[in-house]
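Here's the structure, in structure tokens; my notes come after.
What follows is calculated from the coordinates using simple rules that are stated; it is not laboratory data. Because the structure is a prediction, the values reported are computed rather than measured. Every residue, glycine as well, gets a Cβ built from its backbone with ideal geometry; the counts of neighbours run over all protein chains shown.
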């Protein structure tokens, strides 16, 4: 973890901590030690390697960098439900953001979603696909007539056959990648997935999301004061909110020209 409690019960960041002071876990109150190395950024670890919180957490520099887009008070927030405590990477506006750079099992992925939803929160997952993007396993489909269509050669197994992307759900799946042409705070929400066909033991066929082809939203720009509820907005709602900031009236009930609508989309994604 990147935050611990000192002897004065003050919350301290691992970047400001020193090795000559004692620190404690905000969940189990166990003693923590400060660790730093070439692979993982400075972080706290349990001295006895035991904690009531048995989830696996990413301690990479990428992970800390993503969390740092938000104010410290929204980072590593402790969520409690029925006496069980876990820490959310970011918690703001009733929405939890989980940044995922390393692999995660399907069991823990589903467990986290269930826990946060039962505690009354919506969940946004942001997966780092830099490696897949650089190796051209994820790329824009330039031959598609549909805007923002991408092809994903090897989709994450935890998503296939399980979670269908939808803005109406309590769980949103987003992707991001870093390269010289794209700011690393740009995050894309997956709005649609292609489906595969499966046949069960009774010979019935079912369609399921396979993420081989996906349609993504215009990018969300990670900002310190961004409202996390916007991840769940429809395209029209995002346009309405952006134009509201510019003090431009807009109603989706009114018939508008295609040119006007395209202009609104450009304004909504800062293009």
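Highest average first, the peptides 129-136, 23-30, 170-177 ordered by how many other beta carbon atoms sit within 10 Å of their residues are 170-177, 23-30, 129-136.
What area, in nm² and to one decimal, does the C-alpha convex hull of segment 56-232 cast on average over all directions? Let's see the in-between values first.
Working: hull surface 47.3 nm².
Dividing the Cα hull surface by four gives the mean projection, 11.8 nm².
Stokes-Einstein diffusion of segment 9-155 at 37 °C, 0.692 mPa s viscosity, Kirkwood radius from Cα pairs, rounded to a whole number: 189 µm²/s. Identify the residues of segment 46-68 with backbone N under 15 Å of a label point that sits 7 angstrom from the Cα of residue 28 along the Cα-to-Cβ direction, or state none. Once the point is set 7 Å along Cα→Cβ of residue 28, 46-57 turn out to lie under 15 Å by backbone N, inside segment 46-68.
Across segment 1-52, counting alpha-carbon atoms alone, Rg and Dmax equal 10.1, 30 Å.
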